[in-house]
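Take a look at the structure below.
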Amino acid sequence: MTNDDTKAFFGKGIEQHIDAMYSVALRLTRKGADAEDLVAEAVAKAWGSIHSLNDRARFRPWLFRILHNTFVSDYRKKSVRPTETSLDDNDEEDLAGLLNEQSDDFLVWWSNPERTFFNDLLGEQLLAAIDNLPEAFRTVVILVNVEGFTYDETAEVLGIAPGTVRSRMKRGRTLLQKALWKQRPTLEGNRHET
Amino acid sequence: MKHDIGCLQAIEAFYAYLDGELDNPESIEEFEHHLGHCRSCFSRIDMEKALNKRLRETAQKESPDDLRDRVSKLLAKF
């Protein structure tokens, strides 16, 4: 494989994934300008370590691992936000109970004939709920639910076990539902005003 | 007659099922059998699918033109 072939392969891969890189970077940094810097820096780093990509079929997880590592090493340190509480991955703390109980409230609401919840939910409200998730859960929810990464790919990106991805998914989605549930009065208020 | 896994076991498998990560055909069959006669879990799956769709619609963004220009210039230097 010549250097030109490698460049062509790399350029095509970046073109294919740049929107997803930006979407993920935006949720990691929560700022458009920082997300752009993060993507550009990750692209430069990826090219610098293209020799470490042993299997070209694994380009996507390899690229996003570099993006995530760049965020962790460069951007998270600069964040002015207080350190987020890191929830223990093994802390199943009544997860099934939480999901069950909370979803029951949700379901009663969801089951109403109008079923307007997701229609009423504004994009900004949903993004705010995602952005307020602890980073470990936010990243997994974005990679899996938004960008369609498998649990194995997500594990590769984050350098964690697939089982941890699975437990973070459950917890992240439960926390997201909890956050959305708290917004219910606002949504219902908006609906009554219109 | 198929074995009913019950709601708690179904909840454990919920996201793995939705995310296409439940790869054992028997587990999928048991889960779907449970959905077939449990209104609560069926509604929950329905809700989760709608939330997934909304998540994708909201959080997938196109990269701005200035970022594309910047990356193109970067690639040209390599």
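Looking at segment A:9-61 only, could you name the residues that are without any contact (Cβ under 8 Å) to a residue 12 or more places away in the chain, farther than 28 Å from residue A:123 by Cβ and in a helix (DSSP H, G or I)?
Across segment A:9-61, the qualifying residues are A:11, A:12, A:44, A:48, A:51, A:52, A:57.
Of (1) open to solvent by less than 20 Å² (accessible area, probe 1.4 Å); (2) at pLDDT below 90, residue A:61 satisfies all except one. Which?
Of everything listed in (1) open to solvent by less than 20 Å² (accessible area, probe 1.4 Å); (2) at pLDDT below 90, residue A:61 misses just condition (2).
So that you can scan it fast, the table gives a plain yes or no per residue for (1) among the aliphatic types (A, V, I, L, M); (2) part of a helix (DSSP H, G or I); (3) surrounded by 21 or more Cβ atoms within 10 Å (Cβ to Cβ); (4) modelled with pLDDT of 90 or more:
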{"position": "A:92", "(1), (2), (3), (4)": "no, no, no, no"}
{"position": "A:113", "(1), (2), (3), (4)": "no, no, no, no"}
{"position": "A:145", "(1), (2), (3), (4)": "no, yes, yes, yes"}
{"position": "A:186", "(1), (2), (3), (4)": "no, yes, no, no"}
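Any residue in segment B:45-54 that is within 30 Å of residue A:34 (Cα to Cα), within 11 Å of chain A (Cβ to nearest Cβ), open to solvent by less than 90 Å² (accessible area, probe 1.4 Å) and in contact with a Gly (Cβ under 8 Å, 6 or more places away or on another chain)?
no
Which is more than 9 Å from chain A (Cβ to nearest Cβ) and open to solvent by 40 Å² or more (accessible area, probe 1.4 Å), of B:21, B:57, B:30?
Being more than 9 Å from chain A (Cβ to nearest Cβ) and open to solvent by 40 Å² or more (accessible area, probe 1.4 Å) holds for just one of B:21, B:57, B:30, which is B:30.
If I go through segment A:64-73 residue by residue, how many of them are open to solvent by less than 80 Å² (accessible area, probe 1.4 Å) and touching a Leu at 6+ places or on another chain (Cβ under 8 Å)?
Counting residues in segment A:64-73 that are open to solvent by less than 80 Å² (accessible area, probe 1.4 Å) and touching a Leu at 6+ places or on another chain (Cβ under 8 Å) gives 5.
Report yes if some residue within segment B:1-12 is open to solvent by 70 Å² or more (accessible area, probe 1.4 Å), more than 14 Å from the chain's Cα centre (by Cα), more than 10 Å from chain A (Cβ to nearest Cβ) and under 24 Å from residue A:31 (Cα atoms); otherwise report no.
No, segment B:1-12 contains no residue that is open to solvent by 70 Å² or more (accessible area, probe 1.4 Å), more than 14 Å from the chain's Cα centre (by Cα), more than 10 Å from chain A (Cβ to nearest Cβ) and under 24 Å from residue A:31 (Cα atoms).
Would you check if residue A:170 is at pLDDT below 90, open to solvent by 30 Å² or more (accessible area, probe 1.4 Å), among the basic types (Lys, Arg) and part of a helix (DSSP H, G or I)?
Judged against the criteria, residue A:170 is not a match.
Just for segment A:7-43: of the residues that are among the hydroxyl-bearing types (Ser, Thr, Tyr) and within 7 Å of chain B (Cβ to nearest Cβ), which one is least open to solvent (accessible area, probe 1.4 Å)?
Residue satisfying both the conditions and the ranking: A:23.
The values are calculated or read from the model by the stated rules, or taken from the named source; none is laboratory data. None of these values were measured; they are calculated from a predicted model. Methodologically, a virtual Cβ is constructed for each residue, glycine included, from the backbone with ideal geometry; neighbour enumeration extends over all protein chains shown. SASA here: full protein model, heavy atoms, side chains in, ligands and nucleic acids out. Shrake-Rupley method; radii C 1.70, N 1.55, O 1.52, S 1.80 Å.
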